[in-house]
Amino acid sequence: MPDPVTFDSASARFGLPFLYSGQAQKEVFVNEAFSTTDTLLHCKVEDEAGSPPAEAAEGQTWLVAPGATGDWSGQDGSLACFRAGGWTFIPPCDGLRIFNAASGQENLFFGLWRKASVPLEPLDGTTVDVEARATISSLIAALRVVGVFPTQ
């Protein structure tokens with residue numbers, strides 16, 4: 001006789017709760033999974049911060065900065081989503097991309113949060129190639145438009 005099939009109680013990547021047949025109050029688990037999915041789908045954060053904002057609207061999400069304090073203490077690097085009057089924290093997994101609305105830049109999680117920095121414009125040398133500088137400036141502008149570099 002084969003071994004019975006066993007199921008985990010939550011998904012492996014983001015801990016979305018699974019349902020069981022005959023489970024009471026299924027709507028609680030389904031709503032929690034939908035809420036977490038809503039936070040992660042096309043993920044946008046307001047900004048990166050080390051402490052909760054004084055006022056937050058339902059569904060707003062922040063990236064918790066290192067050394068966080070207050071309600072966010074111990075949640076460094078997590079996404080903090082304001083839901084039902086409180087904070088829900090979602091730890092990132094490799095490959096998660098977020099859009100930071102304040103900087104207009106995309107961040108990627110791969111062991112830690114990474115974001116591109118703007119290269120310095122070449123200024124030294126005996127001969128300055130105007131076309132090369134114009135090309136580099138155009139590339140930087142294009143990468144800002146797609147969120148690789150900050151818009152500031």
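Coordinate-derived values only; no laboratory data. Quick caveat: nothing in here was measured; it's all calculated off a predicted structure. Quick reminder, even Gly has a Cβ in these numbers, built from the backbone with ideal geometry, and neighbours come from all protein chains shown.
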For F99, net neighbour charge (Lys/Arg +1, Asp/Glu -1) across residues whose Cβ lies under 9 Å away: +1
Net charge around F18, counting only other residues with Cβ within less than 15 Å of its Cβ (Lys, Arg = +1; Asp, Glu = -1)? -1
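Around R114, under 12 Å between beta carbons, what's the net of Lys plus Arg minus Asp minus Glu among the other residues? It would help to have the intermediate numbers written out before the result.
On the way: positive: R97, K115; negative: D94, E106.
Here the count lands on 0.
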In Å and on Cα atoms, what radius of gyration and Dmax does the chain show? 21.2, 81
For E48, list long-range residues whose amide hydrogen, built 1.01 Å from N in the peptide plane, is under 5 Å from its own amide hydrogen. L63
Which three numbers, in whole Å and largest first, are the semi-axes of the equivalent ellipsoid of the stretch 43-113 derived from its Cα gyration tensor as √(5λ)? 18, 14, 11
Label 7 Å along Cα→Cβ of L41; the stretch 80-104 residues with amide nitrogen under 17 Å? 97-99
